[in-house]
Amino acid sequence: MNHKSFIFLGLSLSLFFLSSCDGKKNEGGRTDTPTSGTIQFVSDESFSPIVDELRAQFEFDFPNAHLQPLYTDEITGLQMIKDLKTCLLITSRALSKSERAYLETTKKQVPKVFPIGYDGLALIVNRQNNDTCISVKDVKRILSGEAQNWKDVFPNSNKGAIEVVFDNKQSATLHYVVDSLLEGKPIDSPNIVAAKTSKDVVDYVDKTPNAIGVIGSNWLNDQRDTTNVTFKKNIHVMAVSLNDVARPSNSWQPYQAYLLDGRYPFVRTLYCILVDPRNALPRRFANWISEPKGQLIIFKSGLLPYRGQINVRKVNVKDN
């Protein structure tokens, strides 16, 4: 008789508002109100699956509102916020002190910055590669260029040189790796591949047996699985260990429960950065993401909402 353990997460949310949204008369040609009009906002491309879900539900709730997302890299998005070319940016870091000071002193705008959720930074490999447990230590060795071949990490591997694939050179994904994993040191792997989008990373890894892709976990949930306990079937998602030697018993994939309890080590925060002097549609959408319905969508997508109480239950299932 075998026993299988499953972890289920439950989410409890209470209604709250970050701030009120009051429509104002035309400023700078804008005509949007908190619940109507057409506006463009910006998001790092690595968050496009969850942002698309949030946008679609918001427009369903407010039929007169039309949101046009521009998916780009983090550097471009931050520059657009500083130039006041967009009122809303969704990305994986808050403003720095100098960026905030620039907006307040030069642009005379007080930005609002608040977290909306968490995702995992996932490592993916080709389905022909069965070496799917890796330590944080070895991830750093690969990124620093110390380990350049699969056999440097897995002595029995015949996959050859390790190709490390990112979405692009200015993305939030790459910046997280440099800032959080390498402590500000540049990536020094000799075989770096810069794809254009997160989808391109998945496609590249699917076709390349020696590749390892770095991607946001919100890209990996199989939309056919409403329980969010499987990943897309065309690649393997690596399990990561905090121990120096990774084994199946001490390595974890970026499931919600393991993001929550700290067993999965690569977790990043999603932020809304808001500069909306009209307090109109961009602000209402950002606030809505932090309200119960928006947080529930984040939860159902396989990510962790920032607000709400998460309940974890472990269930043992007997196989006869």
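None of the figures in this text is laboratory data; all of them are computed from the coordinates on show. Bear in mind that the values here come from a model prediction, so they are computed numbers and not experimental data. FYI the Cβ positions are ideal-geometry reconstructions off the backbone, even for glycines, and counts take in every protein chain you see.
Some observations on this one:
- Under the simplified labelling scheme, the Lys233-Lys108 pair shows an inter-label distance of 6.0 nm, with each label point 7 Å from Cα along Cα→Cβ.
- Cα centroid of region 63-90 to Cα centroid of region 117-149, whole Å: 31
- Only Cα pairs under 8 Å and 6+ residues apart enter the sum, and on that basis the relative contact order of region 43-197 stands at 23 percent.
- The slack in the chain from Thr31 to Ser180, taken as 0.36 nm per residue of separation less the alpha-carbon distance, amounts to 49.5 nm.
- Prolate/oblate/rounded call for region 52-203, Cα gyration tensor, a/c under 1.5 rounded: prolate
- Ranked by the mean number of other Cβ atoms within 10 Å of their residues, highest first, the peptides 135-144, 252-261 fall in the order 252-261, 135-144.
- Region 142-258 shape via C-alpha gyration tensor axes, a/c threshold 1.5: rounded
- Length added when fully stretched, Thr197-Ser249, from 0.36 nm per residue minus Cα-Cα: 15.4 nm
- Whether region 54-101 is rounded, prolate or oblate, judged on the alpha carbon gyration tensor where a/c under 1.5 counts as rounded: prolate
- Backbone HN-Hα couplings from phi across region 121-132 [Karplus 6.51/-1.76/1.60, Hz, Gly and Pro as x]: 8, 9, 10, 10, 10, 4, 5, 7, 9, 9, 8, 10
- The chain: relative contact order in percent, alpha carbon pairs under 8 Å with at least 6 residues between: 33
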